[in-house]
Amino acid sequence: MISARNAGLLACAHCHTLVRRPATEDALRCPTCGSRIHSRIPNSIQKTTALLIASLLLYIPANTLPVMSMMYLGAPEADTIMSGVLDLLEEGFWPLALIVFVASIVVPLTKLLTLSLLVVSVALKSHWRPLDRTRIYRLTELVGRWSMVDIYVIAILVALVQFGNLATVHAGPGSVSFAAVVILTMFAANTFDPRLIWDAMESEQ
Amino acid sequence: MHDQELIACHDCDLLQRLPDLRTGQKARCLRCNATLGLRPKDSLNRSLSLTITALVLFVLANTFPFLSLTLQGQLVESTLISGALSLLEAGNPWLSSLVLLTTLIFPLMNLCALLYVLLSLRFNYGAERVRSLYRLITYARPWAMLEVMLLAALVAGVKLGDYATVITGFALYCFIALILILAAIDNTLDPRLIWRYVKQQEQL
């Protein structure tokens, strides 16, 4: 079992072409697809940490400020992410409430937690369950996009509920923060290099 | 077809030989179980026909009414793009552009680029653009989120059902079909096929 890096090779992240590793990786481009290539994403841990801190800060306004306000027969009603889920639950659509709860509350929160855990474990050169950590990473990367569902719901409602004095919907100040959390955590997952998990395992062998 | 190829796993960097895959087989990393390669049946022709289908559905899904709402005799119709436009009118340029990019521009750009790439492979013409176009697709793909939009339509419909009558439009059914076709493209398209073509072209 030898990694490409230890064999003096490096693989393109986009087209998987193997290249002999030169003395310096600066401005090295893949001969097949032309993207910049690196043995490991440069400053992966620093970038991911910075993005995680930014999303953690934005997570607070995203959940406390209203993401949407609905005006129905003159009575305004502001919804936060959580109250939107509770509304669905009260109306008896618990399967949908569960999906939205998972997509907009569980996923962003676990994403922040698992990515932080991964960053810390890599920084400490941990040997703890590398396979499970890689799986967690893949899952994080896969499910992150589903948190966008709330933003799209707002977009659809704003477009549809346009009945003048009768009923209107507006996007609230929390929605931009929430969108930013989703985007930033997606970038954070992208900048994390899962190969670092396995580097720690090999350095001891 | 070709020799057992030496590859490095994209998730754990383990160096290994990719076995010659039979049709329908998938190769997984020995160490971390990541999918390393697949060999779908008749990949090029099937992906091409699916991509054309997807583009037709994409146009239909964006021209006809998506969801409509009636409240006390008033009717409001919306298409897929209405959400982004209404957000812009209401003074939310950031949300508007985010919705526009992830549900219209990136998905459409990806489909058009993929159509060019597959046509180029099929008819061996215009190969010089394949490299940059397919690279563009690999970069933009995570940001096309049509399937999430479908879930959002379901949630929005249920939320409004209490107050008003929700009418599902023709575009919604096209949209559902589009999501299924896009998932099918993911399973029939072999990226290695395209990169191998790019490599061959450069060696000529």
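What number, in percent, do you get for the relative contact order of segment A:43-203 if the mean sequence gap of Cα pairs under 8 Å and at least 6 apart is divided by its residue count?
Values: 217 pairs, mean separation 69.1, N = 161.
About 43 percent, as a whole number.
Let me check against my output: what whole-number percent is the relative contact order of segment B:87-204, with C-alpha pairs under 8 Å and at least 6 apart?
Numbers: 58 pairs, mean separation 31.8, N = 118.
Over segment B:87-204, the number comes to 27 percent.
Quick one: which residues, 5 or more positions from residue B:66 or on another chain, have an amide H under 5 Å from its amide H? H modelled 1.01 Å from N in the peptide plane, none for Pro or chain starts.
Here the answer is B:78, B:79, B:80, since their amide H atoms fall under 5 Å of that of residue B:66.
Pairs of alpha-carbon atoms within less than 8 angstrom and 6+ residues apart define the contacts here; what relative contact order does chain B have, in percent? It would help to have the intermediate numbers written out before the result.
Working: 257 pairs, mean separation 52.6, N = 204.
That works out to 26 percent.
List the lysines whose alpha-carbon lies under 21 Å from that of residue A:47, not counting same-chain residues fewer than 8 positions away?
By straight Cα distance, residue A:47 reaches A:111, A:125.
With θ taken as phi - 60° and the coefficients 6.51, -1.76 and 1.60, list the Karplus ³J(HN,Hα) couplings across segment B:86-100 in order, rounded to whole Hz; mark glycine and proline as x.
Karplus-based 3J(HN,Hα) across segment B:86-100 equals 5, 5, 5, 4, 7, x, 10, x, 5, 5, 4, 5, 4, 5, 4 Hz.
Over all alpha-carbon pairs of segment B:1-138, lay out the pair-distance distribution in 10 Å bins, whole %, shortest bin first.
Going out from 0 Å in 10 Å bins, segment B:1-138 shows 10, 23, 28, 20, 13, 5, 1 percent.
Could you work out, residue by residue across A:68-75, how many beta carbons of other chains sit within 10 Å of that residue's beta carbon, and then give the average as an integer? Each step should come with its number before you reach the end.
Details: counts 1, 0, 3, 0, 4, 1, 0, 0.
Taking all residues of A:68-75 together, the mean is 1.
Measuring with a 1.4 Å probe in the full set of protein chains, what accessible area per residue, in whole Å², belongs to chain B? Let's see the in-between values first.
Values: 9950 Å² over 204 residues.
On a per-residue basis, chain B sits at 49 Å².
Using only the Cα atoms of segment A:1-72, what do you get for the radius of gyration and for Dmax, in Å?
Gyration radius and largest Cα-Cα distance of segment A:1-72: 20.3, 66 Å.
For chain B, modelled as a Gaussian network with Cα springs under 10 Å, which listed residue fluctuates most, B:80, B:14, B:50?
The residue with the greatest mean-square fluctuation here is B:14.
If pairing requires two Cys Cβ atoms under 4.7 Å apart, which cysteines of chain B are left without a partner?
B:112, B:174
Around residue A:174, with a cut-off of 14 angstrom between Cβ atoms, what is the net charge of the other residues, counting Lys and Arg +1 and Asp and Glu -1?
-2
What whole-number distance in Å separates the alpha-carbon centres of segment B:131-200 and segment A:1-24?
33
Kirkwood hydrodynamic radius, segment B:57-198, all distinct C-alpha pairs: what's the number in Å?
Numbers: mean 1/r = 0.0594 Å⁻¹.
Result for segment B:57-198 stands at 16.8 Å.
Under a 10 Å cutoff between Cα atoms, tell me which one of A:130, A:22, A:76 has the largest fluctuation in the Gaussian network model of chain A.
A:22
State, in square angstrom and to the nearest 100, the accessible area buried between chains B and A, both chains counted, probe radius 1.4 Å. Spell out each step's value before the answer.
On the way: alone 12900 and 12290 Å², together 19260 Å².
Buried surface at the B/A interface: approximately 5900 Å².
Spelling out what I want: for every residue of segment A:68-75, take phi, set θ = phi - 60°, compute 6.51 cos²θ - 1.76 cosθ + 1.60 (Karplus), and round to whole Hz; glycine and proline get x.
Values per residue, Gly and Pro as x: 7, 10, 10, 10, 10, 6, x, 9 Hz.
When the gyration tensor of segment A:43-203 is built from Cα positions, what are the square roots of 5 times its three eigenvalues, in whole Å, from largest to smallest? Numbers along the way, then the final one.
Values: eigenvalues 278, 45, 24 Å².
Value: 37, 15, 11 Å, ordered largest first.
Let me check I've understood the local charge: for residue B:38, count other residues with C-beta under 15 angstrom from its C-beta, Lys and Arg +1, Asp and Glu -1. What total comes out? Present the calculation step by step, with values, prior to reporting the outcome.
Numbers: positive: B:22, B:26, B:28, B:39, B:41, B:46, B:192, B:196; negative: B:5, B:20, B:42, B:186, B:190.
Charge balance in the 15 Å sphere: +3.
Å³ per residue of the Cα convex hull, for the protein assembly as shown?
Values: hull volume 61.5 nm³, N = 409.
Given the Cα convex hull of the protein assembly as shown, per-residue volume reads 150 Å³.
To the nearest 10 degrees, how steeply does helix B:170-188 sit against the main Cα axis of chain B, on a 0 to 90 scale?
Tilt of helix B:170-188: around 10 degrees.
For the protein assembly as shown, which whole-number percentage of the solvent-accessible area (1.4 Å probe, protein heavy atoms only) is attributable to carbon and sulfur atoms?
Using a 1.4 Å probe with all protein chains present, the protein assembly as shown comes out at 63 percent carbon and sulfur.
The values are calculated or read from the model by the stated rules, or taken from the named source; none is laboratory data. Quick caveat: nothing in here was measured; it's all calculated off a predicted structure. Glycine gets a Cβ as well: all are built from the backbone with ideal geometry, and neighbour counts include every protein chain shown. Just so you know, the surface numbers come from the protein's heavy atoms only, side chains and all, with ligands and any DNA or RNA stripped out. Shrake-Rupley method; radii C 1.70, N 1.55, O 1.52, S 1.80 Å.
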